[in-house]
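For reference, the structure is listed below as structure tokens.
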Amino acid sequence: MDQPRTEMQEQLSALIESDYDYTLPKRGDICEAVILYVGKDEMIVDLGVKRDGLIPRKDLQMLEEGYRAGLQAGDCVPVRIRDTRAIEDSIEVSLSEGLAQQDWLRAEELLQNGEVCEAEVSDVNSGGVLVSFGRVRGFVPNSHLSSIPPGLRGTRLLEAKSDLVGDRLTLTVLEVEQRRRRLILSERAANRRRRQKLLEELREGDVYTGTVRNLVDYGAFVDLGGVDGLVHISELDWRHLDHPSDVLNVGDKVDVKVLSVDREKERIELSRKALLPDPWPQVVGELEVDQVVEGQVTNVVDFGAFVDVGQGVEGLVHTSEMPDGKATCASLSRKAPIRVRVLNVDPSRRRLALSLRGVPRVASAQEVAIDEPVT
């Protein structure tokens, strides 16, 4: 009798030990859990141990309504262990803290690899702006904001920052201290890194869609997504332009082709003209030697005048092909209508030689008015 009883005791002891032979998670641990039940006031999850996890009502109320409504049995969610003894046969866990922990880990990862991210401005204070980094609140100091004009102070600075509320900023992580709940980000650093990355990726011949940031007499500056390139006025259009505003406005979206990249000086030369249809074949294909055509003077120089004979195709009238040489050249003015004779077409060099000799000139508006009979 003693031996069977001993065996039964050993079997019972082994059974008890096997039933409880698992390691309980510790307070503060982050676990991946599978949702078993979704109720109105609670949620039960499988933690992969003998006891299920319970997400209480107060924790569920901290979740965004849309996110909470989309949760269903079978979904995998991160949870943080709150208390292993508070509830009989269950472990109290927090889904909101588990999700926030994922955001902290993501912030650490971004800090390590230097990648940029986006976050929405949620509030402002005297020192900067607050942003929503997932479920973690981050801070961007005034000195690290580039979305506000430099030099602002006092009320004007506060108003400029308030205008950013609701906007999404491109940022990079500068500091992560989870214990102090401290997450510092920078917009200026993100712009620098984005500019450096874009400069490394740019190649001659690439085509980009950019935004016109500024117009100056000699061209247009186009933002390619963090770095500006210059489209010289001669590369804006096939036609002769007096000013870039003839074809572009600040804020316009424009397709441009990369002509050259100087990474050391951070200079990028772009062309809009290269993506427009070349009018040369069509216009020149309709011209014949000795043909007289209507044109417009685009520029006058010491050795002659350049004339647009259509769609931006220009030819040169050398002073030797003017009736009175330099005296005739001096009498010409930009934008003046003019008749010219085709001397030579050189397709290989894209050169068009013109002449004024033997061509009746176009009468000026003043001369036309004088010739009109008085009624």
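No lab work stands behind these numbers, since they all come straight from the coordinates. This structure is a prediction, so every number in the text was calculated from the model and none was measured. Quick reminder, even Gly has a Cβ in these numbers, built from the backbone with ideal geometry, and neighbours come from all protein chains shown.
Placing +1 on the Cβ of every Lys and Arg and -1 on the Cβ of every Asp and Glu, with nothing else charged, gives the stretch 114-192 a dipole about its Cα centre of roughly 320 debye. Sequence-distant or interchain residues sharing an amide H contact under 5 Å with D237, placed H: which? The answer is K273.
If packing is taken as the mean number of other Cβ atoms within 10 Å per residue, what is the order of 90-96, 262-268, highest first? Before the final figure, lay out the partial values.
Working: 90-96: 22.6, 262-268: 12.0.
The most tightly packed comes first, giving 90-96, 262-268.
The stretch between S331 and E175 holds 49.2 nm of extra length on full extension. This uses 0.36 nm per residue minus the Cα-Cα distance. The lysines whose alpha-carbon is closer than 16 Å to the alpha-carbon of K26, local same-chain residues fewer than 8 away aside, are K50.
Applying 1/(1 + (r/R0)^6) with r as the Cβ-Cβ distance of R156 and D29 and R0 = 56 angstrom yields a FRET efficiency of 0.70.
Ranking V297, T211, G251 by Cα position along the charge dipole of the chain, where only Lys, Arg, Asp and Glu carry charges on their C-beta atoms, puts V297 farthest toward the positive end. With the cut-off at under 18 Å, measuring from each backbone N in the stretch 206-243 to a point 7 Å along the Cα-to-Cβ line of D255 picks out 206-212, 222-225, 231, 235-239.
Report, to the nearest 10°, how far helix 187-201 tilts away from the longest principal axis of the Cα atoms in the chain, using its own Cα long axis and a range of 0 to 90°. Helix 187-201 and the main axis of the chain meet at about 60 degrees.
The long axis of helix 2-19 is offset from the longest Cα principal axis of the chain by roughly 20 degrees. Mean residue ellipticity at 222 nm, helices only, the chain: -7000 deg cm²/dmol; runs of at least 4 DSSP H residues each add -39,500 (n - 2.57), and the sum is divided by the number of residues.
Note on K273: lysines with a C-alpha under 16 Å away, same-chain residues under 8 apart excluded, are K253, K257. For D52, the amide hydrogen comes within under 5 Å of the amide hydrogens of I91, counting only partners 5 or more places away or on other chains and with H modelled in the peptide plane. Extension gain for L105-S126 works out to 4.7 nm (0.36 nm per residue, less the C-alpha to C-alpha distance). The alpha carbon centroids of the stretch 242-287 and the stretch 304-352 are separated by 24 Å.
Antiparallel as a % of all DSSP beta bridges within the chain, to the nearest 5? Don't jump to the answer; show the numbers that get you there.
Values: 77 of 85 bridges.
Bridges in the chain that DSSP calls antiparallel: roughly 90 percent.
Each residue of the stretch 162-172 was assigned a 3J(HN,Hα) from its phi angle through the Karplus expression (A = 6.51, B = -1.76, C = 1.60, θ = phi - 60°), giving 4, 5, 7, 4, x, 7, 9, 9, 8, 9, 10 Hz with x at Gly and Pro.
Across the stretch 268-275, computed HN-Hα scalar couplings (Karplus, 6.51 cos²θ - 1.76 cosθ + 1.60, θ = phi - 60°) run 10, 9, 10, 9, 8, 4, 5, 9 Hz from first to last residue, x flagging Gly and Pro. With the charge dipole of the chain set up from +1 on Lys and Arg Cβ and -1 on Asp and Glu Cβ about the Cα centre, the Cα lying farthest toward the positive end among the listed residues V307, G128, L183 is that of V307. Each of S355, Q101, G114 was placed along the dipole of the chain (beta-carbon charges, centred on the mean Cα), and the one lying farthest toward the positive end is S355.
3J(HN,Hα) along the stretch 342-347, derived from phi through the Karplus expression 6.51 cos²θ - 1.76 cosθ + 1.60 where θ = phi - 60°, amounts to 6, 8, 7, 10, 10, x Hz, with x in place of Gly and Pro. Put a dot 7 Å past the Cα of K50, heading toward its Cβ, do the same for D217, and the two dots end up 8.7 nm apart.
Taken about its Cα centre, the chain carries a charge dipole of roughly 1220 debye when the Cβ of each Lys and Arg holds +1 and the Cβ of each Asp and Glu holds -1.
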